[in-house]
1. Listed residues 39, 67; which is crowded, with 16+ Cβ neighbours inside 10 Å and either at pLDDT below 90 or part of a helix (DSSP H, G or I) (or both)?
2. Just one of the numbered conditions (1) under 15 Å from residue 151 (Cα atoms); (2) touching a strand residue (DSSP E or B) at 6+ places or on another chain (Cβ under 9 Å) is not true of residue 90; which one?
3. Can you list residue pairs whose Cβ atoms sit under 7 Å apart, with the first residue in the range 122-141 being closer than 18 Å to residue 14 by Cα and the second being part of a strand (DSSP E or B)? Count only pairs 6 or more apart in sequence or on different chains.
4. Scanning the range 94-128 for residues that are part of a strand (DSSP E or B) and under 17 Å from residue 148 (Cβ atoms), which turns out nearest to the chain's Cα centre (by Cα)?
5. Please identify the pairs in which a residue from the range 95-111 that is in contact (Cβ under 8 Å) with a residue 40 or more places away in the chain has its Cβ atom under 6 Å from the Cβ atom of a residue that is buried (at least 16 other Cβ atoms within 10 Å of the Cβ) and assigned to a helix (DSSP H, G or I), counting only partners at least 6 apart or on another chain.
6. Report yes if residue 47 is surrounded by fewer than 14 Cβ atoms within 10 Å (Cβ to Cβ) and modelled with pLDDT under 90, otherwise no.
7. Give the range 1-33 a look and list any residue that's part of a helix (DSSP H, G or I), loosely packed, with under 12 Cβ neighbours inside 10 Å and within 26 Å of the chain's Cα centre (by Cα), or say none.
8. I'd like to verify a number: residues in the range 144-165 that are within 17 Å of residue 90 (Cβ to Cβ) and not in a loop (DSSP other than H, G, I, E, B), how many?
C-alpha cells in the first residue's frame, strides 16, 4: 500500500487527498492518512531534493523550498512554464486577503485598472466569481480557488502570512502593497525574469 501511495503522489500533478486514495483502492481512510504522514516524515528525514507536503487539503510531492531560487532559474529557461507577473501576484494577494472583493475595490487598492490582470487570474483558475455584491449595479465579487492554494503551497487560507494591518482603500497604498508583496514573496519572483502588466512574465 505504501509503495502504491508513493507512486500515485509521484505521478499526480495535483494534491491527492487520503480520502480520494481510500475511495479508489477501497482502503481505510485513517490508514491511508497515517501512511501519507509517514511518507511526509520519511522524505523530510532523507533530505533529498523532493519532499511530500500537505497542501490544498491533500498530499503532494514537491521540490524542497530552499531550492526554489535555482529551480526558478531553470523554469525561466526556454522550457519553463509561464509565471505570474508582479501585478497579477499583487492582485491575487489582494483577493486572497479581502475576498469577496469587487474589481472597483481591487483598483482602489492598487491604483490601476485591474480588468486585464483579473482575466489572467480567471484563465489560470486562481480566482473565480463568487456572487454579486448587493449594491447598485451588483458588481461581481471575486474569491480565490483551490488552485490558488496549490499555486502558493498552502493547505488552507488560514495559512496565509498575516499582514501587519487590515487592508482598506483608505490606508497608505505604498505601505500596504509592501506588506502584500512580502506576504506572497514577490521579491523572489521579480528576480526570475522581466515582468509585464498583462499578467505573465516573459520567459
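The values are calculated or read from the model by the stated rules, or taken from the named source; none is laboratory data. Not measured: the values here are computed from a predicted model. Every residue, glycine among them, receives a Cβ derived from its backbone with ideal geometry; neighbour counts consider all protein chains shown.
1. Result: 39 is the single residue among 39, 67 that is crowded, with 16+ Cβ neighbours inside 10 Å and either at pLDDT below 90 or part of a helix (DSSP H, G or I) (or both).
2. Evaluating residue 90 over (1) under 15 Å from residue 151 (Cα atoms); (2) touching a strand residue (DSSP E or B) at 6+ places or on another chain (Cβ under 9 Å) leaves (2) as the failure.
3. Here the result reads 126/144; 127/142; 127/143; 127/144, each pair linking the range 122-141 to a residue that is part of a strand (DSSP E or B).
4. Checking each candidate, the answer is 127.
5. Filtered contacts from the range 95-111: 101/95; 109/94.
6. Yes: the conditions hold for residue 47.
7. 7, 10, 11
8. 4
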